[in-house]
Amino acid sequence: MSEIFAQYSRLEELPGLVEKIKSLIPSDAVIALKGELAAGKTTFVKSWAKSEGVEDTGSPTFSIQHIYGERFRHYDLYRKEFEELYETGLVEEFEKPGLHFVEWMDERLGNLLLAGGLELWEIEISPFEEGRIYRVKRMDE
Ligand SMILES: Nc1ncnc2c1ncn2[C@@H]1O[C@H](COP(=O)(O)OP(=O)(O)OP(=O)(O)O)[C@@H](O)[C@H]1O
Ligand SMILES: [Mg+2]
């Protein structure tokens, strides 16, 4: 794991921060969003989606997946067991090209994705004053 970048941002500054982070992360990657309840994980993903001009269209197959477009997917794995994700075939979704944003990724899933050769990044969000600190890391095996 290596930390690449860290920055404080208030809500109204988020679009600028998203642009900076976009320039660091490759266009095919899994991005795990870390942070406690209400840290701002979903807000970050939605801000990124807005900057790409894509909208949430739900998912025909998985209730915990939101498809925003061919190259933009968002998953909320809160309280989901790894076995369940594996059995339903959700894990295979991550092989599709584009960006995959994941809230509440567990270590087993992360290790599996890394072992499969996928680019895994982490954005850790922590409350600070009226905003949040965003820490961007690249994960390796
Ligand atoms: N950079 C920021 N500065 C200030 N407030 C923020 C920031 N980012 C998000 N918030 C606020 O934090 C609250 C929670 O945001 P959000 O729902 O994105 O959190 P979450 O981490 O996805 O929560 P959960 O764990 O429930 O999924 C919202 O009211 C949102 O407006
Ligand atoms: Mg959320």
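Just so you know, all these numbers are worked out from the coordinates, no wet-lab data involved. Note that the structure is predicted; figures quoted are calculated from it, not measured. No Cβ is skipped: glycine too gets one built from the backbone with ideal geometry, and neighbour counts run over all protein chains shown.
Answer with yes or no whether ILE25 is touching a residue at least 12 places away in the same chain (Cβ under 8 Å), assigned to a loop (DSSP other than H, G, I, E, B) and within 14 Å of the chain's Cα centre (by Cα). Yes; evaluated as a whole, the condition is true for this residue. Only strands (runs of 3 or more DSSP E) whose full extent lies in the range 37-141 are considered here, and none of them has at least 3 residues that are free of Cβ contacts under 8 Å to residues at least 24 places away in the same chain, within 22 Å of ARG10 (Cα to Cα) and among the small types (Gly, Ala, Ser). Taken over the range 87-129, the criterion of being touching a His at 6+ places or on another chain (Cβ under 9 Å) and within 16 Å of ligand 2 (Cβ to nearest atom) is satisfied by HIS100, PHE101, VAL102, GLU103.
For the range 22-61, a residue qualifies if it is away from ligand 1 (no atom under 16 Å from the Cβ), surrounded by 14 or more Cβ atoms within 10 Å (Cβ to Cβ), farther than 12 Å from HIS100 by Cβ and not polar (S, T, N, Q), and the qualifying residues are GLU52, VAL54.
For beta carbons closer than 8 Å, sequence separation of 6+ or different chains, a first residue in the range 1-20 that is in contact (Cβ under 8 Å) with a residue 12 or more places away in the chain and assigned to a strand (DSSP E or B) and a second that is small (Gly, Ala, Ser) and surrounded by 15 or more Cβ atoms within 10 Å (Cβ to Cβ), the qualifying pairs are TYR8/GLY131; SER9/GLY131. Please indicate, with yes or no, whether at least one residue in the range 3-14 is touching an Asp or Glu at 6+ places or on another chain (Cβ under 8 Å), within 13 Å of ligand 2 (Cβ to nearest atom) and either within 25 Å of ASP140 (Cβ to Cβ) or of a type outside the set (S, T, N, Q) (or both). No, every residue in the range 3-14 fails to be touching an Asp or Glu at 6+ places or on another chain (Cβ under 8 Å), within 13 Å of ligand 2 (Cβ to nearest atom) and either within 25 Å of ASP140 (Cβ to Cβ) or of a type outside the set (S, T, N, Q) (or both).
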